[in-house]
Protein chains: 2
Amino acid sequence: MTKKNSSTDILIVEDEAPIARLMEIHLQRAGFSTKTCANGRKACTLLEENHYQLMLLDRMIPGLRGLDLLRWLRKQEALKILPVIMVTALAQTEERIRGLNEGADDYLPKPFEPDELVARVQALLRRSSHQVIQQQKSTIDVNKDAMEARVNGERLDLRPLEFKLLRRLMKKPGKVRSRQYLLDHVWGINAFVEERTVDVTIKRLRKTLEKYGLGECIVTVRGSGYRFDEKPHT
Amino acid sequence: MTKKNSSTDILIVEDEAPIARLMEIHLQRAGFSTKTCANGRKACTLLEENHYQLMLLDRMIPGLRGLDLLRWLRKQEALKILPVIMVTALAQTEERIRGLNEGADDYLPKPFEPDELVARVQALLRRSSHQVIQQQKSTIDVNKDAMEARVNGERLDLRPLEFKLLRRLMKKPGKVRSRQYLLDHVWGINAFVEERTVDVTIKRLRKTLEKYGLGECIVTVRGSGYRFDEKPHT
DNA sequence: AAAAACTTGTCACATAGTTGTCATATTTTC
DNA sequence: GAAAATATGACAACTATGTGACAAGTTTTT
């Protein structure tokens, strides 16, 4: 019954095995699931047959040069919006700009800091329809497209309303949102619903978050509303 | 359990390590918490990954020129309101105006006086939803967004009314506010409450402030009302 | 199409936190 | 030292929030 969670899938296209392994380790530790492949041709196949959230693409791969793969990718209807981070040792501005021009969404110079790798992946996902927040030791990833939220890659079972509520609160962590504000933005401006309903939905959302040790994320601000705290234990 | 409070986070983007260190020391001494990074690329990542209250941005950083970073920043939905102080050796009016045009909120010429640095940071935060006051050796930071007040980064446990009262008094330090004025502005014009009630709430507010050695901040002006003193003379 | 499963709004009660007032103490002013 | 103003502690009323239950409405299964 315990279904394997697919989580946020990242395709790593990198021929140097140790580097690929390093990437995998750190991304997995951050809650992503990864798939590695070592050459461009295989990558195409994988991309066509599976759905990934993001690709890390080494510029220097055998079979098809990184840029060629990228160029091909951007011509595919189904893939052209896939976020791509180009990985390359060529840190020169010129090369970088070229990569970006070709359709890479971001760029990671090699050698890289593991932290930077993870941070860039998170940032890029956020720029897509994700909201990613590092919460203490957990990564919360809210994907609007898929209408799903994940904590360290594990999917949260949220009702649609709860999902929207979480999203809204995460939009500006630290900012207190009044019940009225939440009603307007989550339920919609013309929904005629009692303010107290917000409390109940918050409660339900919290209950789920609690399972992941994130019960403290949503803070009640007495007399004002609720707030998503990025760093609890205030 | 007693975790270090994150307080008001400031991102310092500065490649000259000694200068960055200097900034850090003084800002931390003033009660802010800081994060330093030395290049523009890393800064983008950090900005996307975390939430800062303010950024100090050197104009001459490697990787991405300060102005480019700023321009990028202002295009990001989530970041466009981040207060930015541009730090630059180019004190010429022309350059300064250009920086401001690009979206810097303030400007700090290099070399700078540490005091000026802190003062500008506080002033700028004050212009955002923060009210920051230097009180003897403590920094009081009242954040309206988060509905919380901090002294040297440590959170004050204030009741809503006390919070509003503190805010109101801090709005114009040194100015005496009559009980009636406070009733009108804190309790609201139509609240029918005794004037003496103000005394009690002041008392309660003072009690909390005392824990941080700030009991003298709120001065009673006999016959007139109360006043928030920026530099208590006791 | 009926049944089952799920979502969500509301209510009612429990709990907890806030605040106004009063009575009394203390300080200040003259 | 008396009068006036303010400080302070206690308390009770009040208000806001948490929480479980339930019903009405939806969607999914069968």
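The values are calculated or read from the model by the stated rules, or taken from the named source; none is laboratory data. None of these values were measured; they are calculated from a predicted model. Ideal geometry is used to build each Cβ from the backbone, glycine not excepted, and the neighbour counts take in all protein chains shown. Accessible surface areas use protein heavy atoms only, side chains included; no ligands, DNA or RNA. Shrake-Rupley method; radii C 1.70, N 1.55, O 1.52, S 1.80 Å.
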Per-residue HN-Hα couplings for region A:178-188 [Karplus 6.51, -1.76, 1.60; θ = phi - 60°; Hz; x = Gly/Pro]: 6, 4, 5, 4, 5, 4, 4, 9, 9, 7, x
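Compute for chains B and A the buried accessible surface, both sides summed, probe 1.4 Å, and express it in Å² to the nearest 100. Present the calculation step by step, with values, prior to reporting the outcome.
Numbers: alone 12590 and 12640 Å², together 23140 Å².
That pair hides around 2100 Å² of surface in total.
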Radius, Kirkwood style, for region B:132-228 when every pair of distinct Cα atoms is counted (Å): 13.5
Solvent-accessible area per residue, Å², over chain A with all protein chains present [probe radius 1.4 Å]: 50
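By the scheme Lys and Arg +1, Asp and Glu -1, what is the net charge of all other residues having a beta-carbon under 12 Å from that of A:L125? Kindly include the intermediate steps, with their values, before the conclusion.
On the way: positive: A:R120, A:R126, A:R127, A:K144, A:R150; negative: A:D9, A:D105, A:D106, A:D141, A:D145, B:E48, B:E49.
Charge balance near A:L125 sits at -2.
Around A:R177, with a cut-off of 11 angstrom between Cβ atoms, what is the net charge of the other residues, counting Lys and Arg +1 and Asp and Glu -1?
Cβ neighbours under 11 Å give a net charge of +4.
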Over 26 Å between alpha carbons, listed pairs A:K172/B:K35; B:K42/B:K110; A:K171/B:K203; B:K80/B:K144; A:K35/A:K80; A:K172/B:K137: A:K171/B:K203; A:K172/B:K137
Distant-in-sequence amide H partners of A:T34 (H built 1.01 Å from N, under 5 Å): A:I10
Whole-percent carbon and sulfur share, accessible surface of region A:132-228, 1.4 Å: 47
Label geometry 7 Å along the beta-carbon vector: B:E210 inter-copy distances in nm: 3.7
